[in-house]
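Data block below; observations after.
The values are calculated or read from the model by the stated rules, or taken from the named source; none is laboratory data. All values reported here derive from a predicted model rather than from experimental measurement. Positions of Cβ are generated from backbone atoms using ideal geometry, with glycine treated the same way; all protein chains shown enter the neighbour counts.
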Amino acid sequence: MSVMKAPVAVVTGASSGIGAATVRHLVKEGFDVVMGARRMDRLEELARETGARALSLDVTDVESVDAFCDAIERCDVLVNNAGGALGADSIANTDEADWSAMFDVNVLGVLRVTQRLLPRLRESGNATVVTIGSIAGREPYLGGAGYNAAKHAVTALTRVLRLELLGEPIRVCQIDPGMVETEFSMVRFGGDKERADAVYAGADPLTADDIAECVAWVVTRPSRVNVDSMLVLARDQTSAQRVHRRTA
Ligand code: 8X3
């Protein structure tokens with residue numbers, strides 16, 4: 001009797017926020033999940049909680065990406081989640097190092113992992129790549145320059161990948177969240193809690209679970225259905241910086 005094996009989902013940036021929530025949701029949907037991140041202590045805790053497999057991954061380090069991808073024998077779903085913003089300065093004042101770091105993690109990180117796992121996705125016969133973009137990849141906003149540029153590049157990468165894979169059984173989807181309350185803003189503002197809290201002040205932002213549910217929904221559609229892209233905003237948000245805030 002042949003035993004049907006569960007499909008394998010790979011999630012990057014899985015130690016917190018949308019990545020960790022996605023791991024939980026995909027495990028619930030019956031996937032064998034392989035998760036990667038730099039913070040192994042957090043990943044191991046999530047592994048104990050969910051049964052997902054934890055592997056060290058720094059998407060900005062080619063050797064780390066190679067080792068991570070070499071350890072993956074099967075991949076039916078790839079969730080490119082690792083990413084983030086650094087700073088909110090104007091172009092006149094921005095630090096080029098922040099741009100380099102943002103391009104490295106958001107753009108080249110997606111390229112590296114997708115490129116190396118493409119053979120596994122092809123072998124699947126029914127695969128899905130879901131990349132977590134951002135409203136910043138659709139709409140420029142003041143203070144967004146470097147992150148806008150990086151996430152617009154991610155959108156381009158996703159769209160070209162879909163063109164290249166036409167005719168193959170691999171779906172390509174990009175989910176673009178707006179305001180989600182995670183560690184995102186703390187990282188962006190270098191641990192400045194006041195600035196980070198101000199992003200969400202008085203509004204009812206999305207949660208990591210809200211976006212993880214979208215990922216789980218996308219990858220569980222019938223194989224003929226490709227959800228091309230999703231822009232997911234809080235009800236309190238109509239564009240990157242137009243946010244309704246309740247005052248106390
Ligand atoms: C979404 C967050 O600040 O670019 O990634 O709107 S933001």
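Details
- On the stretch given as region 139-157, residues that are under 26 Å from Arg224 (Cβ atoms) and surrounded by fewer than 24 Cβ atoms within 10 Å (Cβ to Cβ) total 3.
- Residue check for Ala88: touching a strand residue (DSSP E or B) at 6+ places or on another chain (Cβ under 7 Å), touching a residue at least 12 places away in the same chain (Cβ under 8 Å), in a loop (DSSP other than H, G, I, E, B) and within 30 Å of Ala145 (Cβ to Cβ): no
- Within region 210-217, one or more residues are touching a helix residue (DSSP H, G or I) at 6+ places or on another chain (Cβ under 9 Å), within 14 Å of the ligand (Cβ to nearest atom) and outside any strand (DSSP E or B).
- Members of region 226-248 found to be surrounded by 12 or more Cβ atoms within 10 Å (Cβ to Cβ), touching a residue at least 40 places away in the same chain (Cβ under 8 Å) and β-branched (Val, Ile, Thr), listed by number: Val227, Val232, Val243
- Hits in region 161-219 - residues which are of a type in the set (S, T, N, Q), surrounded by 19 or more Cβ atoms within 10 Å (Cβ to Cβ) and farther than 23 Å from Gly87 by Cβ: Gln174
- Here the condition is being more than 20 Å from Ala150 (Cβ to Cβ), surrounded by fewer than 24 Cβ atoms within 10 Å (Cβ to Cβ) and modelled with pLDDT of 95 or more; of Ala71, Ala9, Ala21, it holds for Ala71 alone.
- Thr155 vs. criteria within 16 Å of the ligand (Cβ to nearest atom), among the polar types (S, T, N, Q) and outside any helix (DSSP H, G or I): no
- Options Thr114, Thr128: the member that is among the hydroxyl-bearing types (Ser, Thr, Tyr), part of a strand (DSSP E or B) and at pLDDT 95 or above: Thr128
- Residues located in region 220-235, provided they are touching a helix residue (DSSP H, G or I) at 6+ places or on another chain (Cβ under 7 Å) and outside any loop (DSSP other than H, G, I, E, B): Met230, Leu231, Val232
- Filtered residues of region 158-208 (kept if within 16 Å of the ligand (Cβ to nearest atom) and among the charged types (D, E, K, R)): Asp176, Glu181, Glu183, Arg188, Asp192, Arg195, Asp197, Asp204
- The residues in region 126-152 that are within 11 Å of the ligand (Cβ to nearest atom), under 18 Å from Ala216 (Cα atoms) and not aliphatic (A, V, I, L, M) can be counted, and the count is 2.
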